[in-house]
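S.K.: Quick one: this structure, given as structure tokens, is what I'll be asking you about.
The values are calculated or read from the model by the stated rules, or taken from the named source; none is laboratory data. Being a predicted model, the structure only gives us computed values, none of them experimental. Cβ: placed from backbone, ideal geometry, glycine included. Neighbour counts: every protein chain shown. Areas reflect the complete protein model, heavy atoms only, side chains present, ligands, DNA and RNA absent. Shrake-Rupley method; radii C 1.70, N 1.55, O 1.52, S 1.80 Å.
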Amino acid sequence: MRHFFAYMARMRYINRWGLMRNTQQENIQEHSLQVAMIAHCLALIGNRIYQKHYDPERIMALAAYHEASEVITGDMATPIKYSSPELRDAYKHMERIASQQLLKMLPEELREDYEPLLLQQEDENHRIVKAADRIAAYLKCVEELKSGNGEFADAKESIRQDIDRIPMPEVAWFMERFAPSFALTLDKMKSMR
């Protein structure tokens, strides 16, 4: 008996933004789907508009699993996780151990295929996923502010500054064309078709 997918199903129980009041809770399963869709789009933009050679489906798979270790570690708030180099490094080490535990939950025949998804390398694909992760965080802030939750105002500005420093033209292209819609109501979006 293998428990890997039973653990993955528990992603829906790990809430994000634990230190902040949320009008709508977001779990890591929902977040991972949004990151996967955004990362896929960033890869397509890179290929079609900037003549890059990304593998959009591979990037989407990496994004789907980018938070997988949190079913074991839980979600640590970003301000805590990055408050010192020691904490950041310790958390990265803990995430790696958790990912290795998840890998062992798979049958031997599948481990080679899942290893790059669970033990992600810092490469071009990972940079796309990280950019998509930041964009998803920004969009969460926009939606919370739209709901009247001022708790996310500083996070929105800080994350937007992070995004603006990402040296990938596909990120700026996405932000210009897709991000503004998140601040609109459904009626406004329908009237602007």
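S.K.: Placing unit charges on C-beta atoms (Lys and Arg positive, Asp and Glu negative, everything else neutral), compute the dipole magnitude of the chain about its Cα centre in debye, rounded to 20.
M.R.: In total the dipole reaches around 520 debye.
S.K.: Alpha carbon centre of segment 1-16 versus segment 66-85: separation in Å?
M.R.: 16
S.K.: In what sequence, largest accessible area first, do 11, 37 appear using a 1.4 Å probe?
M.R.: Largest to smallest exposure gives the sequence 37, 11.
S.K.: If each residue of separation counts as 0.36 nm, what is the full-extension length gain between residue 149 and residue 25 once their alpha-carbon separation is subtracted? Walk me through the numbers before you get to the answer.
M.R.: Working: separation 124, 0.36 × 124 = 44.64 nm, distance 1.25 nm.
Answer, rounded to one decimal: 43.4 nm.
S.K.: What order, most packed first, do the peptides 45-52, 109-116 have when packing is the mean number of other Cβ atoms within 10 Å of each residue?
M.R.: 45-52, 109-116
S.K.: Please give the length that would be gained between residue 182 and residue 33 if that part of the chain were fully extended, namely 0.36 nm times their separation in residues minus their C-alpha to C-alpha distance (nm, one decimal).
M.R.: Details: separation 149, 0.36 × 149 = 53.64 nm, distance 1.66 nm.
Extra length from residue 182 to residue 33 when fully extended: 52.0 nm.
S.K.: When the label point is put 7 Å from the Cα of residue 172 along its Cα-to-beta-carbon vector, which residues of segment 42-65 have a backbone N closer than 20 Å?
M.R.: Label zone hits: 42-54.
S.K.: Helix check for the chain. Which DSSP H runs span at least 20 Å along their own axis by Cα, with a mean Kyte-Doolittle hydropathy no less than -0.5?
M.R.: Helices meeting the span and hydropathy rule in the chain are 28-50, 124-146.
S.K.: Nearest 500 deg cm²/dmol is fine: what mean residue ellipticity at 222 nm does the chain get from its DSSP H runs of n ≥ 4 alone, each adding -39,500 (n - 2.57), divided by its residue count?
M.R.: Calculated mean residue ellipticity at 222 nm is -20000 deg cm²/dmol.
S.K.: Taking the alpha-carbon set of segment 98-193, what are its Rg and Dmax in Å?
M.R.: 17.9, 53
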